[in-house]
Every structure is written in C-alpha cells, then in structure tokens.
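Worksheet: one structure, shown below.
The values are calculated or read from the model by the stated rules, or taken from the named source; none is laboratory data. This structure is a prediction, so every number in the text was calculated from the model and none was measured. Positions of Cβ are backbone-derived with ideal geometry, glycine not excepted, and every protein chain shown enters the neighbour counts. When the accessible area is computed, the model is the full protein with side chains, heavy atoms only, and any ligands, DNA or RNA have been set aside. Shrake-Rupley method; radii C 1.70, N 1.55, O 1.52, S 1.80 Å.
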Amino acid sequence: MLRDSAVQPLLTDYYQFTMAYAYWKCGREERNAVFELYFRENPLGGEFTIFAGLQDCLLFISKFQFTEEDVNFLQSVLPPTTEQGFYDYLRNMDTSTVTLRAVPEGSVVFSKVAMLEIEGPLPILQILETPLLTLVNYASLVATNAARFRLAAGPEKRLLELGLRRAQGPDGGVSASKYSYIGGFDGTSNVLAGKLYGIPLFGSMAHSYIASFTSMSEVKVQQTLKPASEGQAAVDFVSLCEMWLVRVCCLLQVPQDHTNSSELAAFVSYAMTYPGNFIALVDTYSVMRSGVPNFCAVSLALHEMGYKTHGLRLDSGDLVQQSLKIRITLQACAKEFGVSWFSEIPIIISNGVSEKDLINLQNQRNEVDSIGVGTNLVTCPLQPSLGCVYKLTQVCGKPRIKLTEDREKMTLPGKKTVCRLYGLDGSPFLDLLMLSDEPAPKAGEEIQCHALNGKAESLRVTAARVEALHRVYYQHGRLSQSLCTTSEIKRHALNSLNNLHPKHKHLQNPVPYQVAMSLKLRDLLNDLTKESKTIAHSPE
C-alpha cells in the first residue's frame, strides 16, 4: 500500500528560503543546477550501507506545492524588505522542471557515491535540500542497522522489531518499523506500520496483563472453550488446564504450590481468548518454577482441544541458558505426553538486545527461534546519524567544486554517472564515478581509474559485467517508474546484500569496498583545484 508523503514543503531550513530569494532577486531563478546526495563514510564501523527513503522522496517531490497558508506564513517570517514578486514566484513553484536520478531503493551503496542526483532550477533544488536529506538520512541508517542485526543473528532466526515506544517520536517510530523491515527484519509490533506498509505484525502479552490477575476464580466466570473441530461441545477449559498442571508439575518435579496461580489464570484467560494464537510471557515470576510449567499446562490443554501453541517469550535473565532449559522441558513434555510438535514450540527472546548480543548468541549453543529488538535497533545508539550531504556539482552546464582545508569535505565536480563493476564471481568489486559525457566501460576491457581512498592510487581493472547504477525516477512533473512496494524493496535489499562479497560484510574489521573516479574526472578535479588556488593567490 502506498501513501502520500507526510513531509510538507515548509519542512526545511530557514536559510533555504533566504537563499532562494537571493537567487530570485539576482535573476538566477531559471539557472539549471545539479546536486548530489551522498555520505562520506559508511556507518557503524561497516563497509556498506543500505539506501532507503527513495520512495518517500519521490512522493514528496511529486506532491510538492506551496499552499496559500504556507506563503502567508513565509511572508510573516521573512524580512519585510522581501519583494511581493518572490511570494508570487513561490505560489507558482512546482517540480515540473526537476529530474531525479537515483540508485534503486534497497541497493547496497558506498561512501562518496551519490544515492540521489537531482537536476533543475537552482532555487527549487535549494529548497528541496533539507527534506531530501531528512527522508534519506534516518531511513538509510536504520535499514543498515537492521541489515547488520540480520547478519549478526544469521539467516535462520526470526527478527521482530519492537521499538515503537523507544523511537524518536511517532514519525521516527513508523519510519523505524518500515526501514527495519526493508533491512532484514521479519515483522513489527507497530500496528500503523503494518497497515501502511503490509509488514507482518507480532505481539503476545505484557507483564501488566499477567500481574492484573490475582486468582483462578477470575477466569471461572467464563470457563468453557469450544474445540477446534466443528460440531463438538464446549469443554471446561479451566478445569482441563488445572488437570494438566498437576501432570506437568509431576513430570518436572516442581511442587504445584510453587507455581503462581494468578499467572496461570492470565495464561488461561489469554488462551480462551486466542486459542489458535497463544503466546505467553513466562518470566513475570519464576521462569522454570512457575512460568514454564503454567505455559506447558495451558498449551497441552489447548492441544487436547485441537489447537497448537505459537510460542513463549522471555524478557529477562540469562536468555541463552534459559532457552536451553526450556527446550529440554518442552522435549520432555513432548515425549511423556506423546505430542511431537511440543518439542519445537518457538522460543522468543527480548530485553535490550544489541548487535553484540546477537553475535554472542550465534557463537554459543542456544534454543532461541525469534528475537525481539527495540531500542538498539530504532535509536541507532552506536551512530545517531548517517551524515548524508547534499552538494552542488554543476550550474548551467559548468562544473562546481567545494574546496576546503578538510580534504574529506571536498566535493567532486560535474554531472556524473556511476557504474558498478562486477568480477567473475558475480559480486561487485568497484564503483566507478565518471563525468556524464564519458562512455561506460565495457566488460572484458581493462580500464584505468583513480581510487578515492586518499592514497592517490592509480588502478587498472577489468570487469566481467558493468552495471549503470542510476535510473531516472522523476521527470517532466511525473514519476518515470512505478513505485515499489515495501516487500519488493525488502527483496531487492536482500538480493543486493547477498550479492556483496562476504569480506565487505564483516561486522568487525571488514575489507573496504573500492570506489574510484575516471581519469577524466580526476583531471577535471585537479584543473579546478589549481584554478581555484591561482585565483585565491592572485594579486588584487
């Protein structure tokens, strides 16, 4: 399901309007410009980034229009010397002359390679800067963080995003759910994200639900449950659970008076409400002396009535060791009571899970099937921002460059194309930045280029396959390609990441991916640098 952009044209920095007015005042409003949106360094100590946010950028641009209310507000905050004609200009401003080229959303991208290239009138592109950065920065960071969690957990674990309550506000919460799913998670607890983006929803119960019960008498008011098979009479489910608890406690050698009856009441109540979707939280009191015996008793009662339990969740303590003990218990019940599927009941864990926790989990024996992740996923505490930038590269067909004492912040001039070069093993090994009028390299032919690794390194490479990265997504006031669904973007992200060589995906000490520029682009960069220095040192 696609939705309109929630971003308004006024969601930008104040100085974008003061610059736009200066452009207009000087008669430069029709000057054609090119900007690139990229980042300078891959996040989280890694060597790859998942590009996300393109769909939201396209929805924003396609709906871009100042309302009369917007213009009136700008009139109230811009300097009183601002001419009325500028406000008329804003009223008529649209994106019909804007072209947006981009890497497909969900693609693996690397530092210094433009994720977006946008071309059009200078004032319009200036106003678009902040919204585009807002839409791409967090989306790409969260998608990358999620991809790293997936790599840390391995392909078999089910990953569930549970971070809405810890996210940076409602917009951050919805975005986190969407882009975590794109980055590799399997589901979310966020109902709105499920509605908007078709993400599978997950939920069980909270400690508050269990603690709200005080005794079994609270569930005996409505104590019958109909079996799963049609036409059978309702059964006294409460008594059935109590009977099974006796048998389970006997098997596990747990005194029945050690189990918490209010917890059992909560489980029975929930099971009668959702007999076909029963998942219980087993650590409100004692996991092995109460939560697990009560869970097994209710689950075996459900089995007797034709239902199958969906799982149990742990949210505290030594999650790994508890998963091993619980699995042994489930296997013992399966054998003793002849219920084969019981030994495979999914064990779900949560509780401040981090990337490091998942790495440790993968490196030791465990019986965890699903993992709920919240704070450490959606807030990206290891790196709060990707640091995307939006830089001018060309005006009226002439290349522009930013020179600075900080070499890392120097820009690459000119309108460019980007080609991804693949080796014989099918994985990419180099992204080549070229000027837009250069022919693309051909497969099987050696090319010479210049690395962007700060070592002034000249390279000679031969590609088995060459792919142009950028596609035109918006032109002449309309979308040039159909928007993908969230699931389609997720599949592309998975394929793109799987195609990347494992050495670039290591979570610690990955091998850097190579990005290079063509010799023609290098020569242009050198010429503009020399020209700028000559001007700076020329006598007045």
If you check residue 424 against the conditions, is it free of Cβ contacts under 8 Å to residues at least 60 places away in the same chain, of a type in the set (A, V, I, L, M, F, W, C) and surrounded by fewer than 19 Cβ atoms within 10 Å (Cβ to Cβ)?
yes
Whichever residue in the range 438-463 is out of contact with any Ser or Thr (no Cβ under 9 Å at 6 or more places or on another chain) and part of a loop (DSSP other than H, G, I, E, B) and, among such residues, is surrounded by the most Cβ atoms within 10 Å (Cβ to Cβ):
463
Find the residue count for the range 401-426, including only residues that are in contact with a Leu (Cβ under 6 Å, 6 or more places away or on another chain) and at pLDDT 95 or above.
7
Is it true that residue 263 is charged (D, E, K, R) and buried (at least 21 other Cβ atoms within 10 Å of the Cβ)?
yes
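In the list 271, 334, which residue meets the criterion of being of a type in the set (Gly, Ala, Ser), in contact (Cβ under 8 Å) with a residue 24 or more places away in the chain and more than 21 Å from residue 357 (Cβ to Cβ)?
271
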Among the residues listed as 207, 258, the single one being within 42 Å of the chain's Cα centre (by Cα), within 22 Å of residue 317 (Cβ to Cβ) and open to solvent by 50 Å² or more (accessible area, probe 1.4 Å)
207
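Looking for something open to solvent by less than 20 Å² (accessible area, probe 1.4 Å), hydrophobic (A, V, I, L, M, F, W, C) and under 28 Å from the mean Cα position of the chain (by Cα) - is there at least one such residue anywhere in the range 474-490?
Yes, there is a match, as at least one residue in the range 474-490 is open to solvent by less than 20 Å² (accessible area, probe 1.4 Å), hydrophobic (A, V, I, L, M, F, W, C) and under 28 Å from the mean Cα position of the chain (by Cα).
Take the range 185-204 and flag every residue that is among the aliphatic types (A, V, I, L, M) and open to solvent by 30 Å² or more (accessible area, probe 1.4 Å).
191, 192, 201 - these are the residues of the range 185-204 that are among the aliphatic types (A, V, I, L, M) and open to solvent by 30 Å² or more (accessible area, probe 1.4 Å).
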Within the range 380-404, work out how many residues are surrounded by fewer than 19 Cβ atoms within 10 Å (Cβ to Cβ) and among the hydroxyl-bearing types (Ser, Thr, Tyr).
2
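For the range 137-167, how many residues are in contact with a Leu (Cβ under 7 Å, 6 or more places away or on another chain) and assigned to a helix (DSSP H, G or I)?
To start, the set of residues in the range 137-167 that are in contact with a Leu (Cβ under 7 Å, 6 or more places away or on another chain) comprises 137, 140-141, 144-153, 161, 163.
With assigned to a helix (DSSP H, G or I) added as a condition, the list becomes 137, 140-141, 144-153.
Looking only at that region, the number is 13.
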Can you name the condition, by its number, that residue 354 falls short on among (1) surrounded by fewer than 20 Cβ atoms within 10 Å (Cβ to Cβ); (2) within 22 Å of residue 202 (Cα to Cα); (3) without any contact (Cβ under 8 Å) to a residue 12 or more places away in the chain?
(3)
For the range 464-504, enumerate the residues that are in contact with a Ser or Thr (Cβ under 7 Å, 6 or more places away or on another chain) and of a type in the set (Val, Ile, Thr).
472
Taking interchain pairs and intrachain pairs at least six residues apart, which have beta carbon atoms under 7 angstrom, with the first residue in the range 359-372 and among the polar types (S, T, N, Q) and at pLDDT 95 or above and the second open to solvent by 30 Å² or more (accessible area, probe 1.4 Å) and part of a loop (DSSP other than H, G, I, E, B)?
370/157; 370/346
Has the range 296-313 got at least one residue that is in contact with an Asp or Glu (Cβ under 6 Å, 6 or more places away or on another chain), open to solvent by less than 60 Å² (accessible area, probe 1.4 Å) and either assigned to a loop (DSSP other than H, G, I, E, B) or at pLDDT 95 or above (or both)?
no
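Quickly run through the range 146-159 and pick out the residues that are in contact with a strand residue (DSSP E or B) (Cβ under 8 Å, 6 or more places away or on another chain) and crowded, with 22+ Cβ neighbours inside 10 Å. Don't jump to the end; show me each part of the working.
Of the range 146-159, the ones in contact with a strand residue (DSSP E or B) (Cβ under 8 Å, 6 or more places away or on another chain) are 146-147, 149-150, 153, 157-159.
Of everything in the range 146-159, those that are in contact with a strand residue (DSSP E or B) (Cβ under 8 Å, 6 or more places away or on another chain) and crowded, with 22+ Cβ neighbours inside 10 Å turn out to be 146, 147, 149, 153, 159.
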